[in-house]
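Asks: So that we are looking at the same thing, I have put the structure below in structure tokens.
Any read-out appearing in this document is the output of simple, stated calculations on the displayed coordinates, not a laboratory observation. From a predicted model like this one, the values you see are computed outputs, not experimental measurements. Positions of Cβ are backbone-derived with ideal geometry, glycine not excepted, and every protein chain shown enters the neighbour counts.
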Amino acid sequence: MAAHVGPLPTAVNAYRLALSSIDVNESELSLLAAHYYASGRHCSTGELAEAMGYANHGGANLQYGKLGHRVAEALPVRPQDLPNGEYLNWIMSIATSDGSRNGEGHFFWTMRPEVAAALESLGWVTPDAPPRDDESEPNIGNTAGATTAKALIEARRGQGKFRARVLQYW
């Protein structure tokens, strides 16, 4: 885990490096995209679960928490806004919460702006992109290896479906 608490130097770059240094699977990419495209980048894990087509919030909560743990481990320092400098929930490496909950008791999470910017800079999301359900392959350039390129293409193909579900929910 990160050695100290403090502001992240070039926070967007720190998240970009952290996200690109860990294995982010297709489902996790879709979770990040669903959160990114939520209104105000603010939603509960129950809403993420619905956007992903899960039966309940448990799967989304578990998967997002595991991803958050890996992101936290890859960051050079902990975000400065953590209570007492500690993660109370691993999702806190990706998003913040003011403690408010929805009617089902699930916490609302707001994606950290530096995470959103990192996702954009990695090309994992496109700001204000229309939902996309077609099978055409996006141009990802020559910067990604074959495995990464395949994962990005597959995630991008499904991204529109998840975004459409999130937008439909709102």
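Asks: What GluC sites (Glu not before Pro) in segment 31-126 are in a loop by DSSP, with at most 16 other Cβ atoms within 10 Å of the Cβ?
Replies: When the GluC sites (Glu not before Pro) of segment 31-126 are filtered for loop state and at most 16 Cβ neighbours within 10 Å, E86, E104 remain.
Asks: A follow-up question, please. Quick one: length gained pulling D23 to S100 fully straight, 0.36 nm per residue minus the C-alpha distance?
Replies: 24.6 nm
Asks: Now for a different question. Can you work out the Karplus-derived ³J(HN,Hα) for every residue in segment 14-25? Use 6.51 cos²θ - 1.76 cosθ + 1.60 with θ = phi - 60°, whole Hz, and x for glycine or proline.
Replies: 4, 5, 4, 5, 4, 5, 7, 8, 10, 7, 9, 7
Asks: Continuing with the same structure: Want the number for N56 to N84: 0.36 nm per residue separation, take away the alpha-carbon distance, what's left?
Replies: 7.0 nm
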